[in-house]
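Shown next, in structure tokens, is the structure this report addresses.
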Amino acid sequence: MPLNAAYAMADAQNDQSPEFEVFRHLRNAASHGNSFYFKKDEPRRSASWGTLVIDDKLKGRFNPLFGVECIGNNSKKGYRVSLHPCPNDNSTNE
């Protein structure tokens, strides 16, 4: 899984910034059937990238992103990977 490999290479630089937290949750989703998955104490820290914000006050299954697809259909526009919602991106995956 490319996302897991990328995270493994970058993990040593984890500064717990909101952007890196999004990266961590994306890697976690890649390991859970491409859906956001949060343990009962997750998300632990603020996470945001562009317009994607993961609310760290709503934990586990109470988080509105729990179970939501993480990486969109990338088979149509080359190898473009999009986030749901796509940060600063008004295009569609058509």
- Query: With a sphere of radius 11 Å drawn around the Cβ of Gln16, what net charge do the other residues whose Cβ falls strictly inside it have (Lys, Arg +1; Asp, Glu -1)?
  - Reply: 0
- Query: Order of 48-58, 6-16, 20-30 by packing, highest average Cβ count within 10 Å first?
  - Reply: 20-30, 48-58, 6-16
- For Asn4 and Lys59, FRET efficiency with R0 = 22 Å and r from the beta-carbon atoms, rounded to 0.05? 0.40
- Query: Can you list the residues, at least 5 places off or on another chain, whose amide H is less than 5 Å from the amide H of Ala47, using H built in the peptide plane?
  - Reply: Ile54, Asp56
- Task: Could you work out how far apart the two model spin labels at Glu19 and Phe66 are, taking each label as a point 7 Å from the Cα in the direction of the beta carbon, and quote it in nm?
- Result: 3.0 nm
- Query: Applying the Karplus parametrisation 6.51 cos²θ - 1.76 cosθ + 1.60 with θ = phi - 60° to the phi angles of the range 26-34, what ³J(HN,Hα) value in whole Hz is obtained for each residue in order, glycine and proline being reported as x?
  - Reply: 5, 4, 4, 4, 4, 8, 10, x, 6
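Read-outs: derived from the displayed coordinates by stated rules, not from any lab. Fair warning: this is a prediction, and the values are worked out from it, not measured in the lab. So basically every Cβ, Gly included, is an ideal-geometry build from the backbone, and we count neighbours across all protein chains shown.
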